[in-house]
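J.: Structure below; questions to follow.
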Amino acid sequence: MKLFIFGLGYTAGFIARDALARGDAVAASVRTRAKAEALAGSGLQLHLFDGRNHDATLARDLATSDAVLVSVPPDDDGDPVLRVYGDDLAAAPSLRWIGYLSTIGVYGDRQGGWVDEASPPTPGEERSRRRLAVEQAWLAFGRDRRGPVQVFRLAGIYGPGRNQLDQLAVGTARRIVKPGQVFNRIHVDDIVQTVAASRRQPRAGAIYNVVDDEPAPPQDVVAYAAGLCGVAAPPEIPFAQAELSPMSRSFFSESKRVRSRLLSVELGVRLRYRSYREGLSALRAAGEGPH
């Protein structure tokens with residue numbers, strides 16, 4: 001089995017390591033030569049991809065892949081992978097699975113209400129509208145090619161080296177309070193097991209919400225992390241008084257509770273970390289956070 005990954009970021013890196021551990025050959029694209037050099041000796045076959053230029057060596061790797069994971073964000077013109085390598089993917093003789101990592105942001109603001117995979121997307125932010133357009137482009141590619149494309153709508157990702165425990169350790173954790181605000185989260189390990197399960201049983205056109213079972217206010221998550229570490233929680237900051245980047249502020253403009261109806265029923269996935277409590281407790285037990 002051979003997996004090609006476009007965009008070897010945080011989550012895709014964990015998926016790549018899992019695939020290597022399962023005995024798969026793994027090739028991947030990175031944006032910079034420096035990152036490729038840093039990953040020398042990782043067991044990955046690495047290619048440079050800037051989102052614009054076609055590379056014949058990369059295309060040859062695609063031609064021998066049976067699975068392709070796309071973890072590249074849209075640009076102003078849509079999806080770089082489809083634009084540059086769409087013809088190569090359509091011609092790949094062994095390709096039986098394509099996965100696209102998207103976001104639950106495509107559901108837009110539901111004022112704290114529940115949504116699932118059957119809920120129609122209503123993206124409010126421009127970046128989410130782009131995501132939805134790319135989802136639709138990939139699903140159309142799958143229909144035209146008669147190949148199995150699946151979309152994974154991910155909640156806020158946390159895991160080793162990226163969590164509230166580490167924020168407490170470096171002094172960047174904040175408890176921003178906006179009444180009624182809730183977010184779903186997902187531990188990166190649960191994304192990894194979901195992708196692996198989907199590769200074993202692909203379904204053309206599948207859309208999966210990859211989310212935990214307990215959407216929660218962000219200030220509660222920070223307070224729980226502080227309790228695990230035996231330190232005082234940071235003071236609450238009213239949202240109106242919080243200094244936030246435009247990107248961070250936009251996340252607070254939407255509140256929804258997202259459930260997955262399909263992970264367990266269709267893929268047999270049982271979340272290892274059903275809420276932030278289990279996830280943060282495991283990370284703390286592994287030594288993360290202040291000491």
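The values are calculated or read from the model by the stated rules, or taken from the named source; none is laboratory data. What you see is a predicted model; the values in this text were computed from it and never measured. Cβ coordinates were reconstructed from backbone atoms using ideal geometry, including for glycine residues, and neighbour counts include every protein chain displayed. Areas reflect the complete protein model, heavy atoms only, side chains present, ligands, DNA and RNA absent. Shrake-Rupley method; radii C 1.70, N 1.55, O 1.52, S 1.80 Å.
J.: Considering only region 244-276, state which residues are over 16 Å from Ala155 (Cα atoms), open to solvent by 60 Å² or more (accessible area, probe 1.4 Å) and touching a helix residue (DSSP H, G or I) at 6+ places or on another chain (Cβ under 7 Å).
T.: Once the filter is applied, which keeps residues that are over 16 Å from Ala155 (Cα atoms), open to solvent by 60 Å² or more (accessible area, probe 1.4 Å) and touching a helix residue (DSSP H, G or I) at 6+ places or on another chain (Cβ under 7 Å), region 244-276 yields only Arg270.
J.: Name every residue in region 222-239 that is free of Cβ contacts under 8 Å to residues at least 40 places away in the same chain and touching a Ser or Thr at 6+ places or on another chain (Cβ under 8 Å), in order of residue number.
T.: Once the filter is applied, which keeps residues that are free of Cβ contacts under 8 Å to residues at least 40 places away in the same chain and touching a Ser or Thr at 6+ places or on another chain (Cβ under 8 Å), region 222-239 yields nothing.
J.: Checking Gly23 against (1) without any contact (Cβ under 8 Å) to a residue 24 or more places away in the chain; (2) open to solvent by 10 Å² or more (accessible area, probe 1.4 Å); (3) within 20 Å of the chain's Cα centre (by Cα), which test does it fail?
T.: So the condition that Gly23 fails would be (3).
J.: Mind counting the residues in region 206-228 that are farther than 21 Å from Arg272 by Cβ, of a type in the set (A, V, I, L, M, F, W, C) and open to solvent by 20 Å² or more (accessible area, probe 1.4 Å)?
T.: Looking only at that region, the number is 2.
J.: Right, here's the next one. Quick check on Ala28: is it part of a strand (DSSP E or B), open to solvent by less than 80 Å² (accessible area, probe 1.4 Å), under 20 Å from Gly99 (Cβ atoms) and among the hydrophobic types (A, V, I, L, M, F, W, C)?
T.: Judged against the criteria, Ala28 is a match.
J.: Continuing with the same structure: Taking region 198-249 as the region of interest, how many residues are among the aromatic types (Phe, Trp, Tyr) and either over 17 Å from Ala169 (Cα atoms) or in a loop (DSSP other than H, G, I, E, B) (or both)?
T.: Total satisfying the criteria: 2.
J.: As an exercise: evaluate Phe152 against (1) assigned to a loop (DSSP other than H, G, I, E, B); (2) of a type in the set (A, V, I, L, M, F, W, C); (3) buried (at least 17 other Cβ atoms within 10 Å of the Cβ) and give the number of the one condition it does not meet.
T.: Of the numbered conditions (1) assigned to a loop (DSSP other than H, G, I, E, B); (2) of a type in the set (A, V, I, L, M, F, W, C); (3) buried (at least 17 other Cβ atoms within 10 Å of the Cβ), the odd one out for Phe152 is (1).
J.: Additional query: Under the condition of being closer than 17 Å to Leu228 by Cα, of a type outside the set (Gly, Ala, Ser) and in a helix (DSSP H, G or I), which residue from region 250-291 is nearest to the chain's Cα centre (by Cα)?
T.: Here the residue is Tyr276.
J.: What pairs can you find where one residue is in region 266-277 and more than 22 Å from Gln201 (Cβ to Cβ), the other is among the basic types (Lys, Arg), and their Cβ atoms are less than 9 Å apart, with a gap of 6+ or different chains?
T.: Matching pairs, first to second residue: Tyr273/Arg185; Ser275/Arg185; Tyr276/Arg185.
J.: With the structure loaded, tell me whether Asp189 is out of contact with any Phe, Trp or Tyr (no Cβ under 6 Å at 6 or more places or on another chain), assigned to a loop (DSSP other than H, G, I, E, B) and of a type in the set (D, E, K, R) or whether it fails that test.
T.: no
J.: How many residues does region 155-172 hold that are in a loop (DSSP other than H, G, I, E, B) and crowded, with 22+ Cβ neighbours inside 10 Å?
T.: Count: 2.
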